[in-house]
Structures are given as C-alpha cells and as structure tokens.
1. Among the listed residues 67, 30, which satisfies the condition of being modelled with pLDDT of 95 or more, buried (at least 16 other Cβ atoms within 10 Å of the Cβ), in contact with a helix residue (DSSP H, G or I) (Cβ under 9 Å, 6 or more places away or on another chain) and in a loop (DSSP other than H, G, I, E, B)?
2. Out of the stretch 53-69, which residues are free of Cβ contacts under 8 Å to residues at least 24 places away in the same chain and within 20 Å of residue 115 (Cβ to Cβ)?
3. Would you pick out the residues in the stretch 21-52 that are touching a residue at least 60 places away in the same chain (Cβ under 8 Å) and more than 14 Å from residue 149 (Cα to Cα)?
4. Which residues, taken from the stretch 70-97, are over 20 Å from residue 16 (Cβ atoms) and either without any contact (Cβ under 8 Å) to a residue 24 or more places away in the chain or surrounded by fewer than 15 Cβ atoms within 10 Å (Cβ to Cβ) (or both)?
5. All but one of (1) more than 15 Å from residue 81 (Cβ to Cβ); (2) touching a strand residue (DSSP E or B) at 6+ places or on another chain (Cβ under 7 Å); (3) in a helix (DSSP H, G or I) hold for residue 21, so report the exception by its number.
6. Would you confirm, using the coordinates I've provided, whether residue 100 is under 30 Å from residue 170 (Cβ atoms), assigned to a helix (DSSP H, G or I) and without any contact (Cβ under 8 Å) to a residue 40 or more places away in the chain?
7. Please go through (1) more than 14 Å from residue 35 (Cβ to Cβ); (2) touching a residue at least 60 places away in the same chain (Cβ under 8 Å); (3) under 17 Å from the mean Cα position of the chain (by Cα) for residue 143 and return the number of the only condition it doesn't satisfy.
C-alpha cells in the first residue's frame, strides 16, 4: 500500500477527493499553502490526520469555492470555509484569517502523504501552531494536538525553539 492508498483507506475514500481538490486549485491557478497538522507531517514524522488546513490567496478564494462547489459541500464560517464530500471523510478547511496570507509566498512544494503540495515554511507552520495553541476558544483536545505538533517541529528543528513563547516551552521541557 502506498501513501495515497493509505490516505484513501483512512478517509474511507470512494474517490480521491484530495486529488480532485488539488486539480481544482490548479485549474483556476490558485495560490495556496498547506498549514496545520499535514504541514507538520511534511517536516516531521507523519501523524495521521483527516484534516487538510490550507490557506488560499484571498484573491482566489471566491473563484475556488465556486469551482469546488461542483465536487464539495461548501460551508462558510467566521474564519474558515469548509469543503466536504460524501465520498470521503477527509475534511478540507480553508483558513480565511488574514494573518495566514503572509505564509503563501514562502511556501515550497513538498510530499505530503504521497501528494505534492505547496507547504508553508517550517517557521510559518510553527507560528501557526503557536497561534492555534494560544487560542483559548479552541477545544482543549485541539489545543493539545497543537502542542504535540509544536513539540514534533522543535524535535525535528531544535534551532526553532526560541520562536516558541516561554510559557508554551515550559509545557514540554
């Protein structure tokens, strides 16, 4: 079983919704980068996740959502747009918070579980994880996963330790 087949099996995918989403972004020429847990997987030992957190260039978001509506249920929320398909358990979340837009220019193509995706730089992925962990409105279970992702990145890139606030570092030292 290759990485893509593993993702499909994990997501109960009857079709490759991730590839459909990637193709849709390519068709409209959307600029983007992957953030979140799958981005962490590009820099550290992979951990299973059914969430694809992604930032789309603000100028491409509306066009992408219109194109994606052919394949996905599109739901808008205050800081994200969720794309879901009845053909897979994979959850695609477009982050719309403006602060993530700055991550796109430094993104590089990386292998993420068998897919070539533009991934935010390791520094930006870490920054996003620190923001997520620091958000007191997030569920405790999500914040704990964010903390584990921060630790995974620091273990793989110890030179980034100083980019993590002391109060968070104290949780894992």
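The values are calculated or read from the model by the stated rules, or taken from the named source; none is laboratory data. Being a predicted model, the structure only gives us computed values, none of them experimental. Cβ placement follows ideal geometry from the backbone for every residue including glycine, while neighbour counts extend to all protein chains displayed.
1. Criteria check complete, one pass: 30.
2. The answer is none; no residue qualifies.
3. Once the filter is applied, which keeps residues that are touching a residue at least 60 places away in the same chain (Cβ under 8 Å) and more than 14 Å from residue 149 (Cα to Cα), the stretch 21-52 yields 21, 22, 31, 32, 33, 34.
4. Taking the stretch 70-97 as the starting set, the residues that turn out to be over 20 Å from residue 16 (Cβ atoms) are 75-81, 95-97.
Listed by number, the residues that qualify are 75, 76, 77, 78, 79, 80, 81, 97.
5. Of (1) more than 15 Å from residue 81 (Cβ to Cβ); (2) touching a strand residue (DSSP E or B) at 6+ places or on another chain (Cβ under 7 Å); (3) in a helix (DSSP H, G or I), only one is false for residue 21: (1).
6. Numbers: under 30 Å from residue 170 (Cβ atoms): yes; assigned to a helix (DSSP H, G or I): yes; without any contact (Cβ under 8 Å) to a residue 40 or more places away in the chain: no.
Taking the combined requirement at face value, the residue does not satisfy it.
7. (2)
Matching residues to (1) modelled with pLDDT under 95; (2) within 16 Å of residue 38 (Cα to Cα); (3) under 17 Å from the mean Cα position of the chain (by Cα):
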site	(1), (2), (3)
73	no, no, no
77	yes, no, yes
87	yes, no, no
94	no, yes, yes
106	no, no, yes
